[in-house]
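The values are calculated or read from the model by the stated rules, or taken from the named source; none is laboratory data. Given the structure is predicted, the values throughout are model-derived calculations rather than measurements. Heads up, the Cβs are rebuilt from the backbone with ideal geometry, glycines too, and the neighbour counts pull from every protein chain shown. To get the accessible areas, we keep the full protein, side chains included, count just its heavy atoms, and leave off ligands, DNA and RNA. Shrake-Rupley method; radii C 1.70, N 1.55, O 1.52, S 1.80 Å.
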Amino acid sequence: MSVITKIEVQKNNKDRVNLYIDDAFYTGMNIEVVMKHQLKKGMDISEDLLEKIIFDDVKGEAFNKAIKYIGSSLKSVKQIKDYLKKKEYSDEVVCLVIDKLCEYKYVDDYEFAKSFVLTYSKKYGKLKIVSMLKSKGVEDNIIDDVFEEEKLESNIERVARKYLGSKQINNETWLKLNRFLYSRGYDFEEIGRIISKLKDELC
């Protein structure tokens with residue numbers, strides 16, 4: 001059994017304290033963890049309890065970093081996991097933080113996908129958006145549900161007209177438009193239909 005010999009507030013961060021065990025510096029930790037475990041000078045403390053307290057501190061630190069990372073924009077579960085793993089938090093800590101974020105509604109892949117689709121459907125086709133969402137770890141069933149619910153109108157005509165702008169209309173231009181629309185994630189059938197329409201109108 002060891003003894004807490006000093007708890008002092010850090011000079012550069014008033015939210016954290018330095019914990020001294022048996023007259024030697026042991027670790028820094030959030031003051032909320034100190035209050036939660038009712039730590040005080042002269043208190044006997046076991047190694048097992050110290051490990052639990054440190055784990056609580058690391059978990060809280062990871063949670064706060066995740067909140068800052070989310071900031072004002074939604075993030076997918078995978079994005080947050082990847083971010084925390086890059087910060088070298090253990091899988092156990094990452095999973096606990098994700099569970100807490102989900103519980104508090106800070107992270108929700110369905111809401112993330114919905115916001116993403118509404119934002120990017122203005123300039124990309126479904127194929128591109130689906131690919132982008134998958135790269136962010138959103139599951140197929142969530143993607144399908146979002147597209148089914150939103151029933152978005154394709155913006156391919158607006159995108160195509162903007163691309164053409166004041167360009168000279170010739171065969172090369174149509175080929176380039178075809179490639180451009182495909183790179184934006186529109187399918188071949190949709191591309192063929194809009195190019196046919198524009199050709200009838202402009203040629």
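Placing +1 on the Cβ of every Lys and Arg and -1 on the Cβ of every Asp and Glu, with no other charges, gives region 92-203 a dipole of roughly 1000 debye about its Cα centre. Projecting each Cα onto the charge dipole of the chain (Lys/Arg +1, Asp/Glu -1 at the beta carbon, about the Cα centre), which of Ile21, Asn64, Val34 comes out farthest on the positive side? The residue sitting most towards the positive pole is Asn64.
Our coupling estimate for region 45-52, obtained by passing each phi through the Karplus curve with A = 6.51, B = -1.76, C = 1.60 and θ = phi - 60°, is 8, 8, 5, 4, 5, 4, 5, 5 Hz, Gly and Pro reported as x. The simple spin-label model puts a point 7 Å past each Cα toward its Cβ; for Leu152 and Met132 those points are separated by 0.8 nm. When Kirkwood radius over Cα pairs in Å is calculated directly from the model, which label among (i) 17.0; (ii) 21.2; (iii) 18.3 fits? So the structure-derived entry is (ii).
Computed 3J(HN,Hα) for region 128-139, one whole-Hz value per residue from the Karplus formula 6.51 cos²θ - 1.76 cosθ + 1.60 where θ = phi - 60°, is 5, 5, 4, 4, 5, 5, 5, 5, 9, x, 6, 6, glycine and proline marked x. To put it simply, the accessible area of region 1-108 at a 1.4 Å probe is 48 percent carbon and sulfur. Applying 0.36 nm per residue to the separation of Asp144 and Lys6 and subtracting their alpha-carbon distance, the gain on full extension is 44.0 nm.
For Tyr106, the amide hydrogen comes within under 5 Å of no other amide hydrogen, counting only partners 5 or more places away or on other chains and with H modelled in the peptide plane.
Rounded to the nearest whole Hz, the Karplus-based 3J(HN,Hα) values (6.51 cos²θ - 1.76 cosθ + 1.60, θ = phi - 60°) of region 72-79 follow the sequence 9, 10, 5, 10, 7, 4, 4, 4, with x at glycine and proline. Computed from the alpha carbon atoms alone, the convex hull of region 1-98 holds 107 Å³ per residue. Among Thr119, Thr27, the sequence by solvent-accessible area, most first, with a 1.4 Å probe is Thr119, Thr27. Potential lengthening of the chain between Glu47 and Ile169 amounts to 36.2 nm, from the contour at 0.36 nm per residue minus the alpha-carbon distance. Remark: region 61-203 carries 63 Å² of accessible area per residue (probe radius 1.4 Å; ligands, DNA and RNA excluded).
A crude spin-label estimate for the pair Lys36 and Asp82, with each label 7 Å from Cα along the Cβ direction, gives 2.9 nm.
Would you work out the charge dipole size for region 1-158 about its Cα centre, treating the Cβ of every Lys and Arg as +1 and the Cβ of every Asp and Glu as -1, and quote it to the nearest 20 debye? Provide the component values of the computation, followed by the final result.
Details: 28 positive and 30 negative charges, 182 e Å.
Around 880 debye, computed over region 1-158.
Across region 79-203, C-alpha contacts under 8 Å between residues 6 or more apart give a mean separation that, scaled by the residue count, equals a relative contact order of 25 percent.
Rounded to the nearest 0.05, the FRET efficiency derived from the C-beta distance between Ser73 and Lys14 at R0 = 25 Å is 0.30.
Lys36: which aspartates and glutamates have alpha carbons under 13 Å from its alpha carbon, excluding same-chain residues fewer than 8 sequence positions away? Candidates past the 8-residue exclusion: Asp56, Asp57. Checking every one of the trypsin sites (Lys or Arg not before Pro) in region 77-185 against DSSP loop status and a limit of 15 other Cβ atoms within 10 Å picks out Lys87, Lys105, Lys122, Lys123, Lys151, Lys167.
Relative to the longest principal axis of the Cα atoms of the chain, the long axis of helix 109-120 lies at roughly 40 degrees. For the chain, adding -39500 (n - 2.57) for each run of n ≥ 4 DSSP H residues and dividing by the number of residues yields -19000 deg cm²/dmol at 222 nm. Protein heavy-atom surface of region 114-203, 1.4 angstrom probe: 47% of the accessible area is carbon and sulfur, with nucleic acids and ligands not counted.
With a threshold of 23 Å on the Cα-Cα distance, the over-threshold entries among Lys75/Lys126; Lys87/Lys123; Lys128/Lys167; Lys68/Lys151; Lys14/Lys78 are Lys87/Lys123; Lys128/Lys167; Lys68/Lys151; Lys14/Lys78.
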